[in-house]
1. Return the pairs, sorted by first residue and then second, in which the second residue is open to solvent by 30 Å² or more (accessible area, probe 1.4 Å), the first residue lies in the range 60-76 and is among the hydroxyl-bearing types (Ser, Thr, Tyr), the beta carbons are less than 7 Å apart, and the residues are 6+ apart or on different chains.
2. Would you mind finding the one in ILE50, ILE63 that is within 22 Å of ASP19 (Cα to Cα), touching a Gly at 6+ places or on another chain (Cβ under 9 Å), open to solvent by 10 Å² or more (accessible area, probe 1.4 Å) and not in a loop (DSSP other than H, G, I, E, B)?
3. What number of residues in the range 253-311 are of a type in the set (Ser, Thr, Tyr), within 30 Å of PHE214 (Cβ to Cβ), open to solvent by 30 Å² or more (accessible area, probe 1.4 Å) and in a helix (DSSP H, G or I)?
4. Taking only the range 70-99 into account, find how many residues are closer than 18 Å to VAL132 by Cα and assigned to a loop (DSSP other than H, G, I, E, B).
5. Only one of these conditions is not met by ARG138: (1) in contact with an Asp or Glu (Cβ under 6 Å, 6 or more places away or on another chain); (2) of a type outside the set (Val, Ile, Thr); (3) open to solvent by 40 Å² or more (accessible area, probe 1.4 Å). Which number is it?
6. Out of everything in the range 200-226 that is more than 16 Å from the chain's Cα centre (by Cα) and modelled with pLDDT under 85, what residue ends up being most open to solvent (accessible area, probe 1.4 Å)?
7. Is at least one residue of the range 80-103 farther than 27 Å from SER158 by Cα and over 21 Å from the mean Cα position of the chain (by Cα)?
8. Quick check: anything in the range 260-275 over 15 Å from TYR304 (Cα atoms) and among the β-branched types (Val, Ile, Thr)?
Amino acid sequence: MVSMPVTQCWDTTDLSSKDRYDAWVELLNQTFGRWEATPIGTRDFSANAISSDIGNMRIVECICDPCEGERSASIVRNCEEDNLAIQLVLSGRESMRLGDQCATLMPGDLFIWDTSQPMTFQVEERLHKISVIFPLQRFRDWMSNRWQSSPRHIKSNSPTSTLLKSFMMSLTDVSRSDAPFSDGALIDAALALYSSPGSNELGSTSLKQSQLRFIKSFIRRRLNNPELSVEKIARANAMSVRNLHWLFEEEEQTVWRFVISERLKQCRKDLTNQAMTSRSITDIAFSWGFSDPAYFSKVFKAEYGQSPRYYRKMRLSH
């Protein structure tokens with residue numbers, strides 16, 4: 001689903017000192033799901049947050065003074081929807097416990113938590129963080145039976161942290177733009193970075209290979225779109241065109257050559273399908289994203305050594 005970012009800003013500046021913490025607790029419940037916050041007395045409290053919704057994805061950047069709270073077992077049982085959050089600490093310090101996994105988060109660290117199990121947090125130093133929140137089911141589907149046992153604390157010096165940090169920082173720019181984005185593509189990109197086997201010991205495949213497989217899958221699902229371009233592929237996956245080309249640098253073909261090659265494969269299948277003999281060659285080419293019949297014939301002949309018409313005739317005659 002393609003959606004325009006919907007952004008809301010929140011700040012304690014205009015609130016009275018005695019109302020600030022309660023207002024912050026209310027914002028936590030609205031933004032991250034229900035929490036039971038620990039009272040912090042009468043001292044002054046300061047916080048601000050920018051929250052943006054893109055379809056089923058929420059991107060939250062917030063800064064807050066020390067505070068703490070928990071999601072108890074009773075809250076978990078009464079939770080109406082399960083979500084997952086990827087949290088990046090930019091500055092400050094926070095301790096978190098999710099089930100039997102606990103961590104003290106420092107700048108550059110990430111923690112992946114979900115609403116399906118009890119959890120506690122304690123902000124120990126004024127905290128600046130970015131959180132990306134989306135339905136937990138997407139994580140379950142991606143990780144299969146590994147989702148509960150997957151590591152949740154990712155330290156700042158790991159490859160996953162480096163790449164996820166860059167991606168999440170770019171999401172803050174995406175969320176404040178006036179252009180539509182696909183929440184599904186952004187969620188899948190985040191999960192691809194997290195679940196890459198080579199980056200967090202879930203397997204042996206490199207992060208680059210995992211990203212490349214994801215991008216190829218993304219392209220294959222959109223071959224019939226004549227407006228597909230290198231720029232749109234990069235933008236939909238929250239990366240630069242340069243990074244997209246980098247993913248393909250060790251391949252035998254460029255990004256765009258991959259698009260053309262995959263479109264040609266689909267056209268070839270349809271041209272030799274007995275059930276599609278009533279469809280014209282031009283119609284088949286258009287159905288797979290080609291918009292120029294002459295160009296299609298040229299690249300088809302270059303790929304398979306025969307014109308589309310001759311290729312179809314020879315294959316269907318046997």
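1. SER72/GLU36; SER72/PRO118
2. One residue alone meets the criteria, ILE63.
3. Qualifying residue count for the region: 3.
4. Qualifying residue count for the region: 2.
5. (1)
6. GLU201
7. yes
8. Scanning the range 260-275, I find no residue that is over 15 Å from TYR304 (Cα atoms) and among the β-branched types (Val, Ile, Thr), so the answer is no.
The values are calculated or read from the model by the stated rules, or taken from the named source; none is laboratory data. Just so you know, these numbers come straight off a predicted model, no measurement behind them. Note that each Cβ is placed from the backbone with ideal geometry, even for glycine, and that neighbours are counted across all protein chains shown. The area values use the complete protein model at the heavy-atom level, side chains included, leaving out ligands, DNA and RNA. Shrake-Rupley method; radii C 1.70, N 1.55, O 1.52, S 1.80 Å.
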